[in-house]
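Let me begin by presenting the structure, written as structure tokens, before commenting on it.
The values are calculated or read from the model by the stated rules, or taken from the named source; none is laboratory data. What you are looking at is a predicted structure, and each value in this text was computed from that prediction instead of being measured. Every residue, glycine as well, gets a Cβ built from its backbone with ideal geometry; the counts of neighbours run over all protein chains shown. These accessible areas exclude ligands, DNA and RNA; they are computed on the full protein's heavy atoms, side chains included. Shrake-Rupley method; radii C 1.70, N 1.55, O 1.52, S 1.80 Å.
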Amino acid sequence: MEILIDFPGGSRVDAHFDKFTVPTDQPPTASAPSPFDLFLSSIGTCTGIYVLGFCQQRGLSAEGIQIVQRTHSNPLTGMIDEIDIEILVPPTFPEKYRPSLIRSAELCKVKKHLENPPKFQVTTNIADLAH
């Protein structure tokens, strides 16, 4: 996968891939989420994809289901050292599916990549301005 990053003005930094543009921004304008907030929200939305898929595969309604993600930062480093994900289900959600729902949510691809992170390689090259 290739993602093109550009700088449309101000403190905006946008990512382009396939047919999508993902805008990010920083204060004071903050016209879009910050890159870090977008990263954090990708964990919860990825979990949501797996929760929704679990329900759809079993013919269960996802209505009333919510996911609450909480981050806990280390006061010394400021780095997040724990993320809690709570799946809120309505009273009508079958009890027998709750453990399986958790197992399904834990399959989130973003979470799996955080548990086994990729190596990063950063380089510079001269841009081809003809394109």
(message) If the requirement is being out of contact with any His (no Cβ under 8 Å at 6 or more places or on another chain), closer than 30 Å to ILE102 by Cβ and among the polar types (S, T, N, Q), which of these qualifies: THR29, THR71?
(response) THR71
(request) Only one of these is of a type in the set (A, V, I, L, M) and within 20 Å of LEU40 (Cα to Cα): ALA105, ALA62. Name it. (result) ALA105
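Does THR29 count as under 30 Å from SER73 (Cβ atoms), β-branched (Val, Ile, Thr), open to solvent by 40 Å² or more (accessible area, probe 1.4 Å) and not in a helix (DSSP H, G or I)?
On the way: under 30 Å from SER73 (Cβ atoms): yes; β-branched (Val, Ile, Thr): yes; open to solvent by 40 Å² or more (accessible area, probe 1.4 Å): yes; not in a helix (DSSP H, G or I): yes.
Judged against the criteria, THR29 is a match.
Looking only at region 16-26, count every residue that is in a loop (DSSP other than H, G, I, E, B) and among the polar types (S, T, N, Q) and tell me the total.
So in region 16-26, the residues in a loop (DSSP other than H, G, I, E, B) come out as 18-19, 25-26.
Next, only the ones that are among the polar types (S, T, N, Q) stay: 26.
Looking only at that region, the number is 1.
Take the residues in region 6-15 that are in a strand (DSSP E or B) and surrounded by 12 or more Cβ atoms within 10 Å (Cβ to Cβ); name whichever of them is nearest to the chain's Cα centre (by Cα). So that I can check it myself, show each step before the final result.
Just the residues of region 6-15 that are in a strand (DSSP E or B), to begin with: 6-9, 12-15.
Restricting the remaining residues to those that are surrounded by 12 or more Cβ atoms within 10 Å (Cβ to Cβ) gives 12-15.
Details: ARG12: 19, VAL13: 17, ASP14: 16, ALA15: 15 Å.
Per the stated criteria, the residue is ALA15.
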(message) Could you check region 42-63 and list, in sequence order, the residues that are free of Cβ contacts under 8 Å to residues at least 60 places away in the same chain, out of contact with any strand residue (DSSP E or B) (no Cβ under 8 Å at 6 or more places or on another chain) and either part of a strand (DSSP E or B) or surrounded by 11 or more Cβ atoms within 10 Å (Cβ to Cβ) (or both)?
(response) THR45, ILE49, TYR50, LEU52, GLY53, PHE54, CYS55, GLN56, ARG58, LEU60, SER61, ALA62
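Would region 35-43 turn up any residue that is over 30 Å from GLY10 (Cβ atoms), of a type in the set (A, V, I, L, M, F, W, C) and under 13 Å from the mean Cα position of the chain (by Cα)?
Residues of region 35-43 over 30 Å from GLY10 (Cβ atoms): none.
There is no residue in region 35-43 that is over 30 Å from GLY10 (Cβ atoms), of a type in the set (A, V, I, L, M, F, W, C) and under 13 Å from the mean Cα position of the chain (by Cα).
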(message) Can you pull out every residue in region 73-120 that is of a type in the set (A, V, I, L, M) and either in a strand (DSSP E or B) or loosely packed, with under 10 Cβ neighbours inside 10 Å (or both)?
(response) LEU76, MET79, ILE80, ILE83, ILE85, ILE87, LEU88
